[in-house]
Amino acid sequence: MSTKQVLNFEVSQSNFNSVVLMNSYKLPVVVLFMSPSNVVCLELESMLAECAKEFAGQFILARVDIDMDADLKEQYDITNVPTIKVFKDSEMVHQEFGMVDESEIAKMLKGFGIYRASDELREQASALNAQGDTNGAIQKLTEAIQQDPGNARVVLDMTQLLLDINLVDDAVGLFNRLPDKHKNSDAGKLIIGQVTFKNLAEKTPGINSLVKALEEDENDIDAQFYLAVCYVAERDFEQALDNAFKVLSVDPDYKDGASQELIVTIINMLDIYDPEAAKKARRNLANIVNG
């Protein structure tokens, strides 16, 4: 079986017509207007390049450096970067302004028939899980893995679901079969962090016992700290931070600064999961430490 070519090109005024406009009669052409000096542009370029590899031969990625090509910048009215413009049959048919995340890129590509059927099953599994139908979600993800074992997103979803229902060994076994690049992805790092806290939580009395201990003695600082650990294991970051901040406010030197270290770890996980919450927690930590 021949490997499909990855269609990822740098274009300028001299070849824009041939690479973008003429090829758009054959395939959708995703044009990224960018500046290499802009970190956001580079991040978006990296995500689109991964999509060009994943969907090799299904669309063309064309990158325009506006710092080097003022004519195209003016011609296509590029006022801010990054800007995405999609061309079909030589016409611009879709555009995105600023940073877009992986789900938004996936939605954009799906609009042009570029998607994996296993990702549809992922969405169905997510909906079932949100409705409380964990078994149904597992069945959908199992079907997706059988249908498309190379889709790392499906494997990561299944790993997370197994962690959520405390099948840690099964989750770790599945996760360890992934290539390193997926283990080191944002989703992979969250899973590694949660596995770590699942193992730490196993060494505590558990949430119910710790909550009861605090009902009996609200000043039980050990219970506050271990409860924070347990909440991280359950992905309840808000409650975990609340408990960890209580420990820090009562005893900044608790266990040689363990509470501050725990807060920083949670913030780093939140940077991936919920950047706004991470920013708020970072400000709170700075206020306490510097206050």
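Summary table
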| quantity | calculated |
| --- | --- |
| Residue within segment 158-173 that is more than 24 Å from G136 (Cα to Cα), out of contact with any helix residue (DSSP H, G or I) (no Cβ under 6 Å at 6 or more places or on another chain) and not in a helix (DSSP H, G or I) present | no |
| When residues of segment 190-245 are limited to those that are outside any helix (DSSP H, G or I) and among the polar types (S, T, N, Q), the one surrounded by the fewest Cβ atoms within 10 Å (Cβ to Cβ) | N219 |
| Residue among V86, V93 that alone is of a type in the set (A, V, I, L, M), in contact with an Asp or Glu (Cβ under 9 Å, 6 or more places away or on another chain) and at pLDDT 95 or above | V86 |
| Segment 81-103, subset assigned to a loop (DSSP other than H, G, I, E, B) and under 17 Å from V40 (Cβ atoms), residue farthest from the chain's Cα centre (by Cα) | V81 |
| Hits in segment 73-95 (condition: crowded, with 19+ Cβ neighbours inside 10 Å and within 19 Å of M108 (Cβ to Cβ)) | I78, V81, P82, T83, I84, K85, V86, F87 |
| Single condition V155 does not satisfy, out of (1) within 18 Å of the chain's Cα centre (by Cα); (2) not assigned by TED's automatic domain parsing to the domain that holds A125; (3) not in a loop (DSSP other than H, G, I, E, B) | (2) |
| Selection within segment 1-44 - outside any helix (DSSP H, G or I), small (G, A, S) and without any contact (Cβ under 8 Å) to a residue 40 or more places away in the chain | S2, S14, S37 |
| Test result for A70, loosely packed, with under 13 Cβ neighbours inside 10 Å and farther than 30 Å from M158 by Cα | yes |
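The values are calculated or read from the model by the stated rules, or taken from the named source; none is laboratory data. Computed from a prediction, not measured in an experiment: that's the story for all the values here. When we count neighbours, we look across all protein chains shown, and the Cβ atoms used for this are built from the backbone with ideal geometry, even at glycine.
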